[in-house]
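Asks: What follows is a single structure, and I will ask about it in a moment.
Every read-out reported here was derived from the displayed coordinates using simple, explicitly stated rules and does not represent laboratory data. Bear in mind the structure is a predicted one, so any value in this text is a computation, not a measurement. Neighbour counts are summed over all protein chains in view; Cβ atoms, including those assigned to glycine, are modelled from backbone coordinates with ideal geometry.
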């Protein structure tokens, strides 16, 4: 079974619209980390956020915000007032436990296209 | 943040040949990870490389096909052996630091 599910494979929005990327995870561990990464067309992976399982506070960073809800095992990512530069593939990922050597599980990614 | 460099950044190779990808990190790390990203797909862990011991391979990946070296705490290589077109992918090395994972820029491999 997939440990991280990103049901939206592709999303297109018009510039300045808000968009939410969904991420649902599955783990039996009580301690874990969740991540979001951005992969622009150039291919490099850009770290966006890390959240541990004990911290359910939502976070806002500029136009980006994240909604972590353990009750629904979701860690959704919202971009407000989207811009063309936001066009990329976005990956949600999970590390189980707090051992930094544990395996990283990636979702299948959501390809976001922002249309000018 | 960790600075990771990879060589080559891209290559086009003939079927049946081998390519060695290098990964250099700006400071010492215990473990280095190698991932593969096939076209339009997510990242899949190939193996974990500890300095001074044999790499640990994930299901579906074997040492004969993807031999890995880890001669010191800042460097690792991944070899893609006896390549076929199905090996065309981006190969990324990665390290953990302070509970964050950093990725190299990737090596884009095309096998013809």
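Asks: So which strands (runs of 3 or more DSSP E) are wholly in the range A:17-116 and hold at least 2 residues that are within 14 Å of chain B (Cβ to nearest Cβ) and touching a strand residue (DSSP E or B) at 6+ places or on another chain (Cβ under 8 Å)?
Replies: So the answer is A:32-39, A:46-52, A:88-96, A:104-106, A:110-115.
Asks: I've got another one for you. In the range B:1-21, what count of residues is obtained for those that are buried (at least 16 other Cβ atoms within 10 Å of the Cβ), within 12 Å of chain A (Cβ to nearest Cβ) and part of a strand (DSSP E or B)?
Replies: Here the count works out to 2.
Asks: So, one more: Filter the range B:22-35 for residues that are within 13 Å of another protein chain (Cβ to nearest Cβ), surrounded by fewer than 21 Cβ atoms within 10 Å (Cβ to Cβ) and either without any contact (Cβ under 8 Å) to a residue 24 or more places away in the chain or not in a loop (DSSP other than H, G, I, E, B) (or both) and give the result.
Replies: B:31
Asks: Residue by residue through the range A:33-45, note down the ones that are touching a residue at least 40 places away in the same chain (Cβ under 8 Å) and either closer than 17 Å to residue A:108 by Cβ or surrounded by fewer than 16 Cβ atoms within 10 Å (Cβ to Cβ) (or both).
Replies: Within the range A:33-45, A:34, A:35, A:36, A:37, A:38, A:39, A:40, A:41, A:45 meet the criteria.
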